[in-house]
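What follows is a short report on a single structure.
The values are calculated or read from the model by the stated rules, or taken from the named source; none is laboratory data. Not measured: the values here are computed from a predicted model. Quick reminder, even Gly has a Cβ in these numbers, built from the backbone with ideal geometry, and neighbours come from all protein chains shown.
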Amino acid sequence: MRAELADWDTAPNLLDGAMNLELTAEDCGIRSWLAAVPQGTLRGRLDGHDPALTVPAHMRAPGPLRDALAREYAFRSVAEDKAARALAYLVAAAPTVATMEFYATQVLDEARHAMVFRNHVLALGFDEITALVADDVAAVLDPLAEFSVPVMREDFIGGVVTIAIILEGALAPTAELAERKWRPLDPAAAEIDRGAGIDEIRHLTVGAAIAKRHLEAHPEDRDRVASLIRDGMRLWTTLPVHEVVHRREVLFQQGLERHADLVGDYEVWPGRCLVDTTPEERQAMAEEWSREMRESRLAYIGLAEAAS
Ligand code: FE
Ligand code: FE
């Protein structure tokens, strides 16, 4: 893997990287991961952020801003934990050395994401994370795991597609929004998201490349994989994801209004000041990115027809 793709200062943002780069498992084995991640992205950032960035007092004070970040990061920590465990099945079933090595690195990446999100919630002043989001986990993550884990355990290529297209592809744009919206309020949190986003570019592009190559070599699997994707997307539509994210965005909005002075004229995306945005607008943008991400990934693996 080219060093600049994982370098803190030169790596592309998550959406650009995941939609425009092509990386294969052969590009992202253990040796290249050691150079790119422990000795690259993570150099000096073992907690996911520059240690000089401590949590500011306005983030530790009880209130909607702290609650918004705590709920968001606790939820994502649990999601990362579940992903790390399920991905271990892909290590076990990987058909080649390259795919085994790649999934071994992804297991470690996700376990590390679970750690940095969890530790940041603790740094905000909470004792633990599970009680904060037990309801959201039961409503969203448990049903996703019930769908995904058996697939990942029993069907390698189905599992590759499940994690890269159905789970990470749908969740990644929320991470991009998080990095942008927390930047002026909690720079350490924004760095945690930036680092996780750099890793996510690898997960999404390599997962898609493995699926693309497999489906080219085994066209007889196309129908099965396409129907798996449709089932996964149908499941999303039955889950209260919009409501869960909306509750967090409303808390964020209350905090944003209280701390507008800290945010100033910071732009959340080009031409749009964060302080002028609404929960609905931010959420609609993330949902639009999600749709674009899924469509670009599906087109790349040659299953555009599964998008509808
Ligand atoms: Fe992750
Ligand atoms: Fe990931």
**OP:** Go through the residues of region 91-108 one by one and say whether even a single one is free of Cβ contacts under 8 Å to residues at least 24 places away in the same chain, more than 14 Å from ligand 2 (Cβ to nearest atom), assigned to a helix (DSSP H, G or I) and buried (at least 17 other Cβ atoms within 10 Å of the Cβ).
**Re:** yes
**OP:** Write out, first by first residue and then by second, each pair whose Cβ atoms fall under 7 Å of each other, whose residues are 6+ apart or on separate chains, and whose first residue, in region 143-163, is modelled with pLDDT of 95 or more while the second is acidic (Asp, Glu).
**Re:** Ile157/Asp221
**OP:** Collect the residues in region 199-246 that are within 22 Å of Arg2 (Cα to Cα) and more than 16 Å from ligand 2 (Cβ to nearest atom), keeping them in residue-number order.
**Re:** Lys212, Arg213
Subject >> Filter result (part of a helix (DSSP H, G or I) and among the small types (Gly, Ala, Ser)) within region 110-147 >> reply: Ala111, Ala114, Ala123, Ala131, Ala134, Ala138, Ala139, Ala145
**OP:** Having 1 or more residues that are among the polar types (S, T, N, Q) is the bar; report the helices (runs of 4 or more DSSP H) wholly within region 209-308 that clear it.
**Re:** 222-238, 241-258, 279-301
Original post:
Which of (1) touching a residue at least 24 places away in the same chain (Cβ under 8 Å); (2) farther than 30 Å from Ala52 by Cβ; (3) within 15 Å of ligand 2 (Cβ to nearest atom) does Val137 not meet, given it meets every other one?
Top reply: (3)
**OP:** Please specify each residue of region 262-272 satisfying the condition of being of a type outside the set (D, E, K, R), under 19 Å from Pro173 (Cα atoms) and surrounded by 12 or more Cβ atoms within 10 Å (Cβ to Cβ).
**Re:** Val268, Trp269
Subject >> Verdict on Arg85 being buried (at least 23 other Cβ atoms within 10 Å of the Cβ), within 16 Å of ligand 1 (Cβ to nearest atom) and basic (Lys, Arg) >> reply: no
Original post:
Pick from Gly40, Gly48, Gly44: which is within 14 Å of ligand 1 (Cβ to nearest atom) and either under 25 Å from Thr10 (Cα atoms) or without any contact (Cβ under 8 Å) to a residue 12 or more places away in the chain (or both)?
Top reply: Gly48
**OP:** Would you check which residues across region 1-27 are assigned to a loop (DSSP other than H, G, I, E, B), without any contact (Cβ under 8 Å) to a residue 40 or more places away in the chain and farther than 24 Å from Ser290 by Cα and list them?
**Re:** Arg2, Asp7, Asp9
Subject >> Leading residue by the ranking (farthest from the chain's Cα centre (by Cα)) among those in region 99-120 that are of a type in the set (Val, Ile, Thr) and closer than 16 Å to Ile198 by Cβ >> reply: Thr105
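For (1) within 30 Å of Asp265 (Cα to Cα); (2) more than 14 Å from the chain's Cα centre (by Cα), each residue gets a yes or a no:
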{"position": "Ala190", "(1), (2)": "yes, no"}
{"position": "Ile201", "(1), (2)": "yes, no"}
{"position": "Gly207", "(1), (2)": "no, no"}
{"position": "Lys212", "(1), (2)": "no, yes"}
{"position": "Asp221", "(1), (2)": "no, yes"}
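Yes/no matrix, rows are residues, columns are (1) within 27 Å of Asp27 (Cβ to Cβ); (2) at pLDDT below 95:
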| site | (1), (2) |
| --- | --- |
| Asp47 | no, yes |
| Asp50 | no, yes |
| Pro64 | no, no |
| Tyr73 | no, no |
| Arg85 | yes, no |
| Ala94 | yes, no |
| Met100 | yes, no |
| Asp109 | yes, no |
| His113 | yes, no |
Original post:
Hey, any hits in region 179-192 for a residue that's out of contact with any Ser or Thr (no Cβ under 9 Å at 6 or more places or on another chain), among the charged types (D, E, K, R), within 13 Å of ligand 2 (Cβ to nearest atom) and touching a residue at least 12 places away in the same chain (Cβ under 8 Å)?
Top reply: no
Original post:
Within region 52-67, can one find any residue that is in contact with a helix residue (DSSP H, G or I) (Cβ under 6 Å, 6 or more places away or on another chain) and within 15 Å of ligand 2 (Cβ to nearest atom)?
Top reply: no
Subject >> Residue count for region 60-98, restricted to those that are over 18 Å from the mean Cα position of the chain (by Cα) and of a type in the set (D, E, K, R) >> reply: 3
